[in-house]
Amino acid sequence: MLQTARLELRPITLPFVEAIFANDRPRAEVIAGARLPPEWPGRDLIEQAFCASLDSIRADPDTRLWGDRLMVTRDEPTRVVGSVIFHGKPNGGRCEVAYGVESGSQRRGFAVEAVGAAVAWALAHVEVQVVQAETFSWHHASMRVLTKLGFVRAGARIHETLGDVFLFERRRG
């Protein structure tokens, strides 16, 4: 488990993912050891964070859930305020990070705190040379998080319905 000033970054486990996919909120909260926000994680977040099928996650949870963590407050009562997700183990020296903070906990610095710790953890692995993140051009809060954490813009692409997507990178060293 990683710790920051206000958060514990608890690993996301296969049993937690199974509980979320089954919409078994009480079981997910027991596994997380914290209360989940009422609207979290929501179907959209599940589909974005766990783009692979549950069967493929079950087939290789160590690869698919590599580095994935829940943002859990350290103060009582403990509650999940978001997550930091890597899209699998590093490949070719690169890994990709994504993150989300539930709406009631946004604008409090949780993303900067959690993503910063998770990215430092990833970059401490010898097989990781660069961590990448993508965000939409209109998602100014996400771009601020990445910029504060030392990410630099490294490219762009067009999403077919949502517009420009910017690629950011943070390299080791």
Subset tally (residues that are farther than 18 Å from T13 by Cβ, part of a loop (DSSP other than H, G, I, E, B) and open to solvent by less than 80 Å² (accessible area, probe 1.4 Å)) for segment 71-85: 0
Could you tell me whether any residue of segment 44-52 is over 17 Å from Q132 (Cα atoms), open to solvent by 20 Å² or more (accessible area, probe 1.4 Å) and either in contact with a Pro (Cβ under 7 Å, 6 or more places away or on another chain) or at pLDDT 95 or above (or both)? no
Give the residues of segment 14-35 that are modelled with pLDDT of 95 or more and outside any helix (DSSP H, G or I), sorted by residue number. G33, A34, R35
Single condition G88 does not satisfy, out of (1) at positive phi; (2) part of a helix (DSSP H, G or I): (2)
Matching residues in segment 101-122 - criterion: being under 23 Å from D62 (Cα atoms), in contact (Cβ under 8 Å) with a residue 24 or more places away in the chain and open to solvent by 20 Å² or more (accessible area, probe 1.4 Å): A117, W121
Mind listing whichever residues of segment 131-157 are open to solvent by 80 Å² or more (accessible area, probe 1.4 Å) and part of a helix (DSSP H, G or I)? H140, R144, T147, K148
Please specify each residue of segment 82-106 satisfying the condition of being over 11 Å from the mean Cα position of the chain (by Cα) and within 16 Å of A5 (Cα to Cα). S105
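The values are calculated or read from the model by the stated rules, or taken from the named source; none is laboratory data. The model shown is predicted, which means the values in this text are computed figures rather than measured ones. Don't worry about glycine lacking a Cβ; one is built from the backbone with ideal geometry, like all the others, and counts go over all protein chains shown. Surface areas here come from the heavy atoms of the whole protein model, side chains and all, with no ligands, DNA or RNA. Shrake-Rupley method; radii C 1.70, N 1.55, O 1.52, S 1.80 Å.
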